[in-house]
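Colleague: Take a look at this one; I'll ask things after.
Laboratory data are not the source of any read-out in this text; all were calculated from the coordinates shown. Treat the numbers as computed from the prediction; the structure is a model and nothing was measured. Using ideal geometry, Cβ is built from the backbone for each residue, glycine included, and neighbour counts are taken over all protein chains shown.
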Amino acid sequence: MALIQEGTYEGLTVAASIYEAPSGAVMCSMVVDVGGAHLKGGICLVQKDGTLSERGFKDVQLIFGWSEWDWAKWDQEPEAFAGAAVQAVVETVQGERGEFSSIKYINPPGGGQRLEKANAKGLAAKYGAKTRALFGGVPSAPAARTPSPRPSPLKGEGEEHGGRTPPPAPKASPPTPPPPAQVAVNPSSMEECWEQFCQVNASKTELELYDLWPKFVKEVTGKTQMEVTPQGWGKIRDAIGGMLPY
């Protein structure tokens, strides 16, 4: 097969599958059609030390248009995953029989360049005072209002002077108690929570853990694991600390 010039190409998947390497890493392997040539590449899902690769999972989801992760989807023929658009970074590799073209990286279309929703409230709380000082933005005080004159007697200041006595001032309402202070949650990560989840449910098989994990995350936060913030992972970690095994 003729060499393909090194560079970045748009391509389509011909087949895809997942496997666990002898090192312990879990890979998503793909055969990609690049200009008529079928080249092989992969995306790491789980590193050899057992750490989940969040970027890898997100990239595979984007490539196949999935909103969640379901290991059961892979229980079908590799050709069932054909036709998905990808971006392939091609390199030249020196093998025993000479040089050949291979895929160094597989990315979603557009190179996986995506923007996450900003944590505007969190950033404003953290840096709001500094930016106001930087731009001279001191919150303006409301304009002072001239108090309306209180109703006065027609003559003098009371009935003894032939006037009307003003009605008594209304009683002040009791002060509203302040809302209870919220307990701050220390942030955490998906990796830390997953490790604790596996320890608490040590009697479960790996497949059972993968099945229970997204349900537990959804139950605690109301979100998928790809949407959870560091504070959300802290909430999950605390929930795992007080949970009973499934």
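Colleague: Let me have the relative contact order for region 190-241, percent, based on Cα pairs under 8 Å that are six or more residues apart.
Modeller: 46
Colleague: Oh, and also: Compute, for region 5-94, the length of the dipole vector about the Cα centre, with Cβ point charges of +1 (Lys, Arg) and -1 (Asp, Glu) only. Units Debye, rounded to 20.
Modeller: Here the size comes out at about 120 debye.
Colleague: What pairs from LYS40/LYS218; LYS40/LYS215; LYS48/LYS204; LYS58/LYS235; LYS73/LYS223; LYS48/LYS218 go past 24 Å between their alpha carbons? Each step should come with its number before you reach the end.
Modeller: Numbers: LYS40/LYS218 35 Å; LYS40/LYS215 34 Å; LYS48/LYS204 21 Å; LYS58/LYS235 22 Å; LYS73/LYS223 21 Å; LYS48/LYS218 27 Å.
In this structure, LYS40/LYS218; LYS40/LYS215; LYS48/LYS218 exceed 24 Å between Cα atoms.
Colleague: Exactly which GluC sites (Glu not before Pro) in region 7-76 are in a DSSP loop and have at most 15 other Cβ atoms within 10 Å? Write out the running numbers ahead of the final one.
Modeller: Working: sites: GLU10, GLU20, GLU54, GLU68; in loops: GLU68.
Loop-located and lightly packed - GLU68.
Colleague: Can you tell me which aspartates and glutamates have their Cα less than 18 Å from the Cα of LYS104? Leave out same-chain residues fewer than eight positions away.
Modeller: Partners found: GLU6, GLU10, ASP33, ASP59, GLU91.
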